[in-house]
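Notes to accompany the following structure.
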Amino acid sequence: MQIINPATEEVIQEIAEDSPEAILKKFQLVKDGQPVWAAVPLAERIACIEKFYAFLDENKDELAETLTMEVGKPLQQSYNELNGARKRLEYFIKNSARWLAEEWITEEDATREKIVYEPLGVIANISAWNYPYLVGVNVFVPALIGGNGVLYKPSEYATLTGLHIQRLLYRAGIPENVFQVIIGKGTAGQALLELPLHGYFFTGSYRTGRYIAEHTASKLVPVQLELGGKDPLYVMDDVEDVDSVAAAALDGAVYNNGQSCCAVERIYVHEKIYDKFIAAFVAKAKKLVIGDPLDKATEIGPLSRKEQIGFLTQQVADAEENGGKLLLGGGALQQQGYFFQPTVVVNANHKMKLMTEESFGPVIGIQKVKDDTEAVELMKDTPYGLTAAVYSKNFDRAEAVMKQMDTGTVYWNCCDRVSAGLPWSGRKSSGLGATLSYQGIRAFVQPKAYHLRG
Ligand code: NAD
């Protein structure tokens, strides 16, 4: 398997994919190691994660550089991701003992009752490339703390990062027979579906997620899916500072080149401020610094995958055919690397794929709406249900919109953010189950009810 730098199109490294036999061996190793790990006191398991937390910081220069080289993320955003991952670790370190402790329910008369939380066993963590640290730690950290063994399959586009994670976990004291990286593409992930694992935790596209759910259904084990989105942002006419709202919306749309599951994917603006918003938005988009992702000043690097250039080019063409007006960008940069121009299409409507299919790139459609009712109707017109954002001075008016969203997350005067203390979950085609928060700790254990007499 070749690891390609998307900024230069050069091969960074060649690495052997795991064969089905190698994957089976790794499974057997972890299957034997997991019960021993589960018997290690919880405090010791958490202590390993504390060391891993420190190593992420100590090694941040090397880790950030590798991440930028293999996925094309601007270097500053690689550092931000590592910091964000450490914040999530802080949450798990501080809160796991509380949510994994046994709970006494009844302690009276002759019968006493309690709940004990036991690990699931050996789980698969099949992961995406866009935020390998963030989406990885959501799963393997609470899984390890909970006493599980983990077969961690990083995306084939973030393999070197996956290997760094493994190296640092081992240095932090996680035994080799508890955590194993599975190297390879979709076929390696497919091999995990054939194994008798005790849970499947997936982050990636709707298509692969649905496939995994279908192909593991007969095992009757937990399956959690964190999938894509087509997240709307609505700007009401009462916002006080149109300029700063435009800046926030642009950041939500193009951070990480728009390759975030909760990126702002479509914008609706009240007709009273539409022209002003567009002028501010485009003026800011024109100033984005595109270039070498290893340069700390760069805001937009290359896309991670070459195929995405053709996909986005077609989305823009389809938008223009359906009445869209291109105000900025529209295609790839004619140079080495998978660079795509930040692209703004106005006069957008829902006949366009740009407003209905996940773009996963630095392209955005902006549509004018006459009132909140029309905005809500359009925001809800999607098979996805990850996040939705509203910008307004008036909380009651914003809340009326947020309540109508069939999404796992809603935002008032913010967007494109995740908090470790809140459940991260998608509805409809955006996913199944939740990570983060206490729910994301409990997701990796199963309750056992004790009825005690005597
Ligand atoms: P993908 O579905 O192409 O790949 C995800 C993982 O699945 C990779 O590791 C891949 O090798 C593996 N895989 C592919 N085919 C498989 C198969 N048949 N069986 C088992 N495993 C298989 O997704 P991607 O391109 O890596 O990620 C982008 C998508 O992820 C976007 O849609 C994005 O919105 C979504 N995402 C969602 C969240 C969230 O929290 N909701 C977070 C990050 C990314």
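Projected onto the charge dipole of the range 231-419 (+1 at Lys/Arg Cβ, -1 at Asp/Glu Cβ, origin at the Cα centre), which of 337, 364, 235 gives the Cα projection farthest towards the positive end?
About the Cα centre, the residue reaching furthest to the positive side is 337.
To the nearest 20 Debye, how big is the dipole of the chain about its Cα centre, given +1 on the beta carbon of each Lys and Arg and -1 on that of each Asp and Glu?
Numbers: 46 positive and 57 negative charges, 106 e Å.
About 500 debye.
Counting only Cα, what are the radius of gyration and maximum Cα-Cα distance Dmax of the chain, in Å?
22.9, 79
Given a 1.4 Å probe and the protein chains all in place, what does the accessible area of residue 327 round to, in Å² to the nearest 10?
So the heavy atoms of residue 327 present about 60 Å² to solvent.
Mind computing the radius of gyration and Dmax over the alpha-carbon atoms of the range 285-395? Å is fine for both.
Both quantities, over Cα of the range 285-395: 15.5, 47 Å.
Rounded, prolate or oblate: pick one for the range 372-454, where a ≥ b ≥ c are the square roots of the eigenvalues of its C-alpha gyration tensor, a/c under 1.5 means rounded, and failing that, prolate if a/b is larger than b/c, else oblate. Before the final figure, lay out each step's value.
On the way: a/c = 2.76, a/b = 2.36, b/c = 1.17.
Note, shape of the range 372-454 comes out prolate.
In the chain, what % of DSSP beta bridges are antiparallel (nearest 5)? Could the numbers behind the result be given before it?
Values: 27 of 63 bridges.
Here the antiparallel bridges make up roughly 45 percent for the chain.
Cα centroid distance between the range 137-198 and the range 297-355, in Å?
Answer, in whole Å: 34.
When the solvent-accessible surface of protein heavy atoms is calculated with a 1.4 angstrom probe, in what order do 230, 368 fall, highest first?
Values: 230 0, 368 105 Å².
The residues order as 368, 230, largest area first.
To the nearest 0.05, what FRET efficiency results for residue 15 and residue 438 with a Förster distance of 41 Å applied to their C-beta separation?
Details: r = 37 Å, r/R0 = 0.91.
With a Förster radius of 41 Å, E is 0.65.
Which of the peptides 171-183, 438-450 is most tightly packed, and how do the rest follow, judged by the mean count of other Cβ atoms within 10 Å per residue?
On the way: 171-183: 19.3, 438-450: 17.8.
Ranked from most to least packed, the peptides come out as 171-183, 438-450.
I'd like the Kirkwood hydrodynamic radius of the range 231-419, using the inverse of the mean 1/r over distinct C-alpha pairs, in Å. Kindly include the intermediate steps, with their values, before the conclusion.
Numbers: mean 1/r = 0.0609 Å⁻¹.
Hydrodynamic radius (Kirkwood, Cα pairs) of the range 231-419 is 16.4 Å.
Taking every DSSP beta bridge with both residues inside the range 231-419, roughly what % is antiparallel (nearest 5)? Can you show the working numbers first?
On the way: 4 of 25 bridges.
Roughly 15 percent of the DSSP beta bridges within the range 231-419 come out antiparallel.
Students sometimes get this wrong: rank 198, 164 by accessible area, probe 1.4 Å, all chains present, largest first.
Values: 198 75, 164 25 Å².
Sorted descending by solvent-accessible area, the residues read 198, 164.
When the dipole is taken about the Cα centre of the range 119-241, and only Lys, Arg (+1) and Asp, Glu (-1) are charged at their Cβ, what size is it in debye, to the nearest 20? Write out the running numbers ahead of the final one.
Working: 8 positive and 10 negative charges, 163 e Å.
Roughly 780 debye for the range 119-241.
Listed here are the pairs 276/353; 230/306; 51/185; 284/403; 153/284; 26/219; which of them are more than 27 Å apart at the Cα? Walk me through the intermediate numbers first.
Numbers: 276/353 25 Å; 230/306 21 Å; 51/185 30 Å; 284/403 31 Å; 153/284 38 Å; 26/219 20 Å.
Beyond 27 Å: 51/185; 284/403; 153/284.
Where in the range 398-417 does the label zone of residue 371 land, with the point 7 angstrom along Cα→C-beta and an amide N cut-off under 18 Å?
What the label zone holds, given the 18 Å backbone N cut-off, is 398-402, 404.
Hey, what did the range 231-419 get for relative contact order, percent, Cα under 8 Å, at least 6 apart?
Numbers: 377 pairs, mean separation 51.6, N = 189.
The value is 27 percent.
Which one of 383, 402, 289 is farthest out on the positive end of the charge dipole of the range 231-419, using unit charges on Cβ (Lys, Arg +1; Asp, Glu -1) and the Cα centre as origin?
Of the listed residues, the answer is 289.
By how many degrees, between 0 and 90 and to the nearest 10, does the Cα long axis of helix 307-321 differ from the longest principal axis of the chain?
Its long axis makes an angle of about 40 degrees.
Could you size up the charge dipole of the range 280-422 around its Cα centre, putting +1 on the beta carbon of Lys and Arg and -1 on that of Asp and Glu, and report it in debye to the nearest 20?
Numbers: 16 positive and 18 negative charges, 80 e Å.
The calculation lands at about 380 debye.
Gain in length, residue 317 to residue 286, computed as 0.36 nm per residue apart minus the alpha-carbon separation, to one decimal in nm? It would help to have the intermediate numbers written out before the result.
Numbers: separation 31, 0.36 × 31 = 11.16 nm, distance 2.04 nm.
That works out to 9.1 nm of additional length.
The values are calculated or read from the model by the stated rules, or taken from the named source; none is laboratory data. Computed from a predicted model, the values in this text were never measured in an experiment. With ideal geometry, Cβ positions are generated from the backbone for all residues, glycine too; neighbour counts draw on all protein chains shown. These accessible areas exclude ligands, DNA and RNA; they are computed on the full protein's heavy atoms, side chains included. Shrake-Rupley method; radii C 1.70, N 1.55, O 1.52, S 1.80 Å.
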